[in-house]
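Visitor: Below is one structure. I have some questions about it.
The values are calculated or read from the model by the stated rules, or taken from the named source; none is laboratory data. All values derive from a computational prediction rather than experimental measurement. Note that each Cβ is placed from the backbone with ideal geometry, even for glycine, and that neighbours are counted across all protein chains shown.
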């Protein structure tokens, strides 16, 4: 949790606060959707807005992975003699 470009420590703190505040509402909303759609898991991706949010979330996951793999992954360092 070190500070850096983009305010790393603040971003982590803010995400935790938002999770605490919206976590219960989010869980309740997901439960309501499941009950109204009678267990249909595709209810989350049938609307264009939800598809957009899922695509953005996927990009936030995939882009760092691509960047990591593009650099060559973990590098082994030869021991100093």
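Visitor: Is it the case that residue 3 is in a helix (DSSP H, G or I) and either at negative phi or modelled with pLDDT of 85 or more (or both)?
Guide: no
Visitor: Out of the residues in the range 17-47 that are surrounded by 10 or more Cβ atoms within 10 Å (Cβ to Cβ) and not in a helix (DSSP H, G or I), which is nearest to the chain's Cα centre (by Cα)?
Guide: 45
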